[in-house]
Amino acid sequence: MAFARFAFTLVSAITGAIAAVVLVEAQGGDEYNFVEKIMLVCSLGLPLFTTLACFAEKKEWSKQKNLILQAAGAALLLVYYFSLPQDIGDPFYHLQRYLLINIVFHFLVAFLPYLGGQQVQGFWQFNKSLFIRILTSGLYSGALYLGLIMAMAALDYLFGVDIDEESYFELWVVMAGIVNTWIFLAGIPQNLEKMNTVSDYPNGLKVFTQYILLPLVALYFVILIAYEAKIIVTWNWPKGWVSQMVLWYAVVGILSLLLLHPLREQSGNRWIQVFSKWFFRALVPLVVMLFLAILARIGDYGITENRYYVLAMAVGLAVVVFYFVFSKAKDIRVIPIVICAIALLSAYGPWGAFSVSLNSQQGRIEKFLTENAMLVEGKFVKTAERIPLKAEREMSSIIEYLSETHGLESFSRWLPDSVIKSIDTVDRYQRGQKVAEAMGIEYMPYYRGLDDTQEYFDFTPKEREIIKLENYDYLIDLGSYNIGAIDQKFPLNGDSMHVIYDVGTYAFKFTFISGPDTTAFETIDYPLKAAVNTLVEKWRTGNVAQEELIFEIAGKSFDVKLFVKQISGYKKEKEVIVNFLAADFIFRTHKLD
């Protein structure tokens with residue numbers, strides 16, 4: 001029965017599961033990118049074909065019209081498949097668009113069969129059934145999966161049957177993709193029109209909402225109102241993460257209202273009407289705070305997809321709040337419709353998340369280039385001088401974002417096609433650095449720009465050369481040290497070398513003891529701070545020539561040549577802080593008189 005009703009959905013589930021198993025067996029590889037796209041597009045088919053089948057059933061269409069509708073959905077997915085690049089994650093915005101389309105299709109299931117007319121009761125009952133089916137199918141398929149993997153483990157352990165580790169994951173793919181989907185579809189109500197007259201309400205759902213969700217809503221509300229009062233009193237701009245708090249509060253509160261909706265007219269449940277009325281009014285100051293928080297972030301750093309989504313959710317929440325405060329109808333179907341519309345508008349068009357974000361960050365780059373005399377009559381020109389550190393950090397951040405999210409074509413207005421094509425040949429996660437180098441900017445990864453008062457550095461030789469031991473007696477590996485000091489003694493055929501690295505002063509102390517007479521020794525102190533400070537001023541960060549990290553130390557009884565393999569830390573104001581050091585050294589001795 002389920003296959004007869006949802007044939008396209010189940011074919012998508014089976015095809016997607018097969019594709020996922022192929023990917024597990026293949027263990028990656030660019031030649032399997034098309035299989036990955038098949039899997040992802042088939043997963044879109046699950047909500048889309050389910051929606052179309054339910055819509056046709058609700059309209060009581062003939063099998064022929066239903067088939068035509070489902071075929072149109074398949075054609076839409078086919079067009080989408082061919083619109084994808086070879087690697088859906090490169091550039092990254094394609095994957096984000098895929099997630100937005102997924103949201104659109106899932107929320108279409110919720111309201112499309114009951115769109116139009118007085119069908120709020122049917123809408124609620126239908127979605128209640130879907131919610132229960134999700135829990136039921138998850139429980140059944142999960143229990144079946146656990147039972148099967150225990151049986152497989154028993155065969156492996158007791159009878160020595162060789163079962164690959166991948167088989168357990170492949171079984172999960174089959175259970176989640178096919179069995180779980182089949183169980184879910186088998187329980188979807190068949191008479192969708194009848195849902196408009198059903199009035200049953202699970203008592204457990206009321207208990208869950210009343211005693212778990214609503215207390216959480218009250219707790220969030222107190223915290224957020226108190227924080228808003230603090231903002232007003234101290235007149236400090238709201239912090240960025242407050243956006244998430246407001247959105248989560250809205251989600252939990254709206255979910256509670258949706259779950260309690262059928263009880264609002266029943267006697268003894270007057271409190272639900274009161275809660276519904278004042279909840280959205282209470283959201284008004286929080287929505288204002290949400291806008292202030294995200295607009296402040298956008299004003300400082302421009303728009304990215306994530307900030308666009310927060311702003312879009314703020315707009316959607318404002319629309320919902322405005323509707324439920326001023327509308328007499330208060331139709332709960334508005335909520336999924338608004339979410340669906342925002343996701344769809346965000347996915348495509350010049351007003352969408354990707355076009356707006358790209359234009360915003362390109363505009364920021366153009367501003368930095370103009371301010372640093374790197375844009376002359378609209379054409380990019382490398383500057384002979386280094387740009388300020390803060391600009392360097394922000395430019396690196398924008399370059400990294402654009403290269404990963406929007407691809408190298410984002411820089412076509414500044415860099416020649418030949419340069420872009422050459423950069424396209426390197427690993428995708430190294431492209432940002434190559435773009436920065438092409439633009440004459442010292443690249444600083446995001447983790448080196450977290451604090452404007454600190455200048456991070458990390459120096460390693462560009463190419464490790466062979467260390468020549470001619471005229472030297474010993475080579476010693478000092479190892480790697482993260483913050484901690486070095487204090488080591490090395491016996492040397494009757495002599496000894498004592499090496500101390502002081503973590504407080506960033507200075508080495510080399511003590512050579514000649515023979516068993518401990519009074520015959522020489523100590524040389526060699527501070528690294530000045531040398532590291534020179535490197536920071538000269539290079540700021542990144543790979544340097546090996547000779548920049550070789551330090552020669554001469555004494556009366558011995559000479560040392562210190563090879564620093566890596567040194568990193570940060571400079572705050574004029575103070576250099578070293579928090580990682582890896583080094584070798586070679587030395588030669590001259591006996592003390």
Taking only pairs six or more apart or across chains, which ones have beta-carbon atoms under 6 Å, a first residue in the range 561-586 that is over 14 Å from N533 (Cβ atoms), and a second residue that is in a strand (DSSP E or B) and hydroxyl-bearing (S, T, Y)? Q566/T460; F580/S568; L581/Y481; A582/S480
Checking the conditions here, which among G299, G316 is surrounded by fewer than 15 Cβ atoms within 10 Å (Cβ to Cβ) and of a type in the set (G, A, S)? G299
Name, by its number, the condition in (1) closer than 30 Å to L255 by Cβ; (2) in contact with a Phe, Trp or Tyr (Cβ under 9 Å, 6 or more places away or on another chain); (3) not in a helix (DSSP H, G or I) that does not hold for C340. (3)
Hey, E57 over 24 Å from the mean Cα position of the chain (by Cα) and assigned to a helix (DSSP H, G or I) or not: yes
If we ask which residues in the range 78-98 are buried (at least 18 other Cβ atoms within 10 Å of the Cβ) and within 30 Å of K59 (Cα to Cα), their number turns out to be 1
Hey, any hits in the range 208-228 for a residue that's in contact (Cβ under 8 Å) with a residue 12 or more places away in the chain, charged (D, E, K, R), closer than 19 Å to F291 by Cα and surrounded by 11 or more Cβ atoms within 10 Å (Cβ to Cβ)? yes
I365 meets each of (1) part of a helix (DSSP H, G or I); (2) outside the structural domain of M444 (by TED's automatic domain parsing); (3) touching a residue at least 40 places away in the same chain (Cβ under 8 Å) with one exception, condition (2)
With the condition kept exactly as written, say whether any residue in the range 177-193 is free of Cβ contacts under 8 Å to residues at least 12 places away in the same chain and on the phi < 0 side of the Ramachandran plot. yes
Looking only at the range 534-568, and only at residues there that are assigned to a strand (DSSP E or B) and at pLDDT below 80, the one that is farthest from the chain's Cα centre (by Cα): V544
Top-ranked residue of the range 216-272 - restricted to ones that are hydroxyl-bearing (S, T, Y) and either at pLDDT 80 or above or in contact with a Ser or Thr (Cβ under 7 Å, 6 or more places away or on another chain) (or both), ranked as nearest to L130 (Cα to Cα): S256
Within the range 86-102, work out how many residues are without any contact (Cβ under 8 Å) to a residue 60 or more places away in the chain and closer than 16 Å to G349 by Cβ. 1
So, in the range 368-380, exactly how many residues are part of a loop (DSSP other than H, G, I, E, B) and either more than 14 Å from I441 (Cα to Cα) or at pLDDT 90 or above (or both)? 2
Can you spot a residue in the range 151-161 that is in the same structural domain as Y32 (by TED's automatic domain parsing), among the hydrophobic types (A, V, I, L, M, F, W, C), surrounded by fewer than 12 Cβ atoms within 10 Å (Cβ to Cβ) and outside any helix (DSSP H, G or I)? yes
Is there a residue in the range 506-525 that is out of contact with any Pro (no Cβ under 9 Å at 6 or more places or on another chain), closer than 26 Å to A391 by Cα and modelled with pLDDT under 80? no
Conditions (1) in contact (Cβ under 8 Å) with a residue 12 or more places away in the chain; (2) in contact with a strand residue (DSSP E or B) (Cβ under 9 Å, 6 or more places away or on another chain) -> A347 fails only (2)
Among the numbered conditions (1) surrounded by 11 or more Cβ atoms within 10 Å (Cβ to Cβ); (2) within 19 Å of R264 (Cβ to Cβ); (3) more than 26 Å from the chain's Cα centre (by Cα), tell me where V252 comes up short. (3)
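The values are calculated or read from the model by the stated rules, or taken from the named source; none is laboratory data. Because the structure is a prediction, the values reported are computed rather than measured. In this analysis, Cβ positions are derived from the backbone assuming ideal geometry, glycine residues included, and neighbour counts consider all displayed protein chains.
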